[in-house]
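Since the structure comes first, as structure tokens, the remarks are kept for the end.
The values are calculated or read from the model by the stated rules, or taken from the named source; none is laboratory data. Remember, predicted model here, so these are calculated numbers, not experimental data. Ideal geometry is used to build each Cβ from the backbone, glycine not excepted, and the neighbour counts take in all protein chains shown.
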């Protein structure tokens, strides 16, 4: 029968283990029992789910193992009460964190809870009072960026500001922005030199900066197998660092090398941590997850410019709302000759280059 | 809609062609503040009456004496000979004219009144209107600056728009920017460096 070809569901598999009955046969028998032809299990429905409680798999696992953690905390309490209390609290918070959902699917209350937990954990770890925002996208806003390759002088002040703002790993010297020193008349980025170290601007060269272009059609989002990265309504592609499994598909899919992987636990000296954070932005990452430029979501959603644009001393970086016809970015797009990188790929980056 | 432009020296002059170009939707009145005090500018926007979408010359708290030549250069300058007479050279010790070839002081400054600027012989201007003077030659840059493609923005991406004026970045006497060493040296993996032709 065609029913026998279907995969075994989790509930049916559990029953197989406990009763020895073949769930495939059982499913055949119960097919259509609720009158709608679905595959729901009337027995589980009656009893309110596994273990007589209606709860998700995550919640039930948490309940099963939660007791063990509490016991461990009590045992430690005997040695150093204060320290043990802190350790106990931290363990409990980490436990809750481990079983939370995807940020996109959380209710406002759940978002607030996880933010409170993360703030408390950060305070316990670094001694800093951090603030993690969950600010939503503004309506009628689509962020766009323009980069003036005539004006950029290669100072890399933007790179420095970006690292400080976004709590990037200092040990691996992670940077979202690359400034390429290019020979005049050449447009091949592979010939660009990013680690130049001399007085700039150098004679006969221009400077072209890359970062995440916040594509309108982002290939990195398409390939993510777990839905840990997505495009926000204001056009910023973000990552839920606690949902990312670190498979690096997105890094491979990005044609612009905009994504970075944490091969080790990121290191940011406590006194250098930027305490103004966003859940989808610059809050500290962990080992084994991806990260990327978010147009400084913690700043731009508050009306500020990204740190790179604010730090640029030459005004080569133009940031603004593409939906506002009076914005600078719209003026640039309407009046200057602009181009984007690898336009033929159809990624539709919201990051343009232009010249004086 | 009012767009605010500010910086070290200049404010916009009422020029009739602006009105036809922008028709009241472009650049509004300009605000004069010191460059290191942008936050105060924004804070006072609501308190100051702003003419409605005109290009009227409007300067908040403007005090011409505050930017007079003598505040920096000292007294004793008379006419264009001032740089050659020993006793007057000190008054201009830091001025080095590296602008377009053949330019002299009097191309911009009024000889008899060095505290004023001369708009290509047309009219006498205060220093706060230096942008207009620059724009007489650098019209492309001026156009970009008004539109939003040139100039350093000091506020966030939302309104109001506050950008530096010409002299906020360029020394009018030596407008080319100087070179310097970059910061934030990147670490580039060997394979990437090889690809990049190192």
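Hey, among A:334, A:316, which residue is facing another protein chain (nearest Cβ under 10 Å) and surrounded by fewer than 15 Cβ atoms within 10 Å (Cβ to Cβ)? Reasoning before the result, please.
Details: A:316 fails: surrounded by fewer than 15 Cβ atoms within 10 Å (Cβ to Cβ).
Just one listed residue meets the conditions, A:334.
Can you tell me how many residues within region A:145-172 are facing chain B (nearest Cβ under 7 Å), in a loop (DSSP other than H, G, I, E, B) and in contact with a helix residue (DSSP H, G or I) (Cβ under 8 Å, 6 or more places away or on another chain)?
Matching residues across region A:145-172 total 0.
Can you name every one of the helices (runs of 4 or more DSSP H) wholly within region B:82-198 that holds 1 or more residues which are within 30 Å of residue A:172 (Cα to Cα) and at pLDDT below 85?
Values: elements: B:86-89, B:130-137, B:139-147, B:166-169, B:190-195.
Where helices (runs of 4 or more DSSP H) fall fully within region B:82-198 and carry at least 1 residues being within 30 Å of residue A:172 (Cα to Cα) and at pLDDT below 85, they are B:190-195.
Yes or no: residue A:329 within 14 Å of chain B (Cβ to nearest Cβ), in contact (Cβ under 8 Å) with a residue 40 or more places away in the chain, closer than 21 Å to residue A:215 by Cβ and under 16 Å from the mean Cα position of the chain (by Cα)?
Details: within 14 Å of chain B (Cβ to nearest Cβ): yes; in contact (Cβ under 8 Å) with a residue 40 or more places away in the chain: yes; closer than 21 Å to residue A:215 by Cβ: yes; under 16 Å from the mean Cα position of the chain (by Cα): no.
Against the criterion (within 14 Å of chain B (Cβ to nearest Cβ), in contact (Cβ under 8 Å) with a residue 40 or more places away in the chain, closer than 21 Å to residue A:215 by Cβ and under 16 Å from the mean Cα position of the chain (by Cα)), residue A:329 does not qualify.
Looking at the structure I just gave you, is residue A:118 within 14 Å of another protein chain (Cβ to nearest Cβ), touching a strand residue (DSSP E or B) at 6+ places or on another chain (Cβ under 7 Å) and surrounded by 16 or more Cβ atoms within 10 Å (Cβ to Cβ)? Give the steps one after another, and end with the answer.
Details: within 14 Å of another protein chain (Cβ to nearest Cβ): no; touching a strand residue (DSSP E or B) at 6+ places or on another chain (Cβ under 7 Å): yes; surrounded by 16 or more Cβ atoms within 10 Å (Cβ to Cβ): yes.
Taking the combined requirement at face value, the residue does not satisfy it.
Identify all residues within region A:178-213 that are in contact with a strand residue (DSSP E or B) (Cβ under 6 Å, 6 or more places away or on another chain), part of a loop (DSSP other than H, G, I, E, B) and facing another protein chain (nearest Cβ under 9 Å); write none if there are none.
A:192, A:194, A:196
Within region A:290-306, which residues are surrounded by fewer than 20 Cβ atoms within 10 Å (Cβ to Cβ) and in contact (Cβ under 8 Å) with a residue 12 or more places away in the chain? Write out each step before concluding.
Here is the first cut: in region A:290-306, the residues surrounded by fewer than 20 Cβ atoms within 10 Å (Cβ to Cβ) are A:302-304.
Across region A:290-306, the qualifying residue is only A:302.
If I ask for residues that are in a helix (DSSP H, G or I) and within 18 Å of residue A:239 (Cβ to Cβ), which ones from region A:99-116 would you list?
Restricting attention to region A:99-116, the residues satisfying the condition of being in a helix (DSSP H, G or I) are A:103-105, A:108-116.
Answer for region A:99-116, where residues must be in a helix (DSSP H, G or I) and within 18 Å of residue A:239 (Cβ to Cβ): A:103, A:104, A:105, A:111, A:114, A:115.
Among the residues that make up region A:279-299, is at least one of them at positive phi and within 11 Å of chain B (Cβ to nearest Cβ)?
Taking every residue of region A:279-299 in turn, at least one turns out to be at positive phi and within 11 Å of chain B (Cβ to nearest Cβ).
Residue check: is residue A:252 touching a helix residue (DSSP H, G or I) at 6+ places or on another chain (Cβ under 7 Å) and over 30 Å from residue B:178 (Cα atoms)? Quick ask: steps written out before the conclusion?
Values: touching a helix residue (DSSP H, G or I) at 6+ places or on another chain (Cβ under 7 Å): no; over 30 Å from residue B:178 (Cα atoms): yes.
Judged against the criteria, residue A:252 is not a match.
In region A:202-220, what count of residues is obtained for those that are under 24 Å from residue A:101 (Cα atoms) and buried (at least 19 other Cβ atoms within 10 Å of the Cβ)? Step through it out loud before you land on a result.
Kept after step one, since they are under 24 Å from residue A:101 (Cα atoms), are these residues of region A:202-220: A:218-220.
Right, trim to buried (at least 19 other Cβ atoms within 10 Å of the Cβ) and you get A:218, A:220.
Count: 2.
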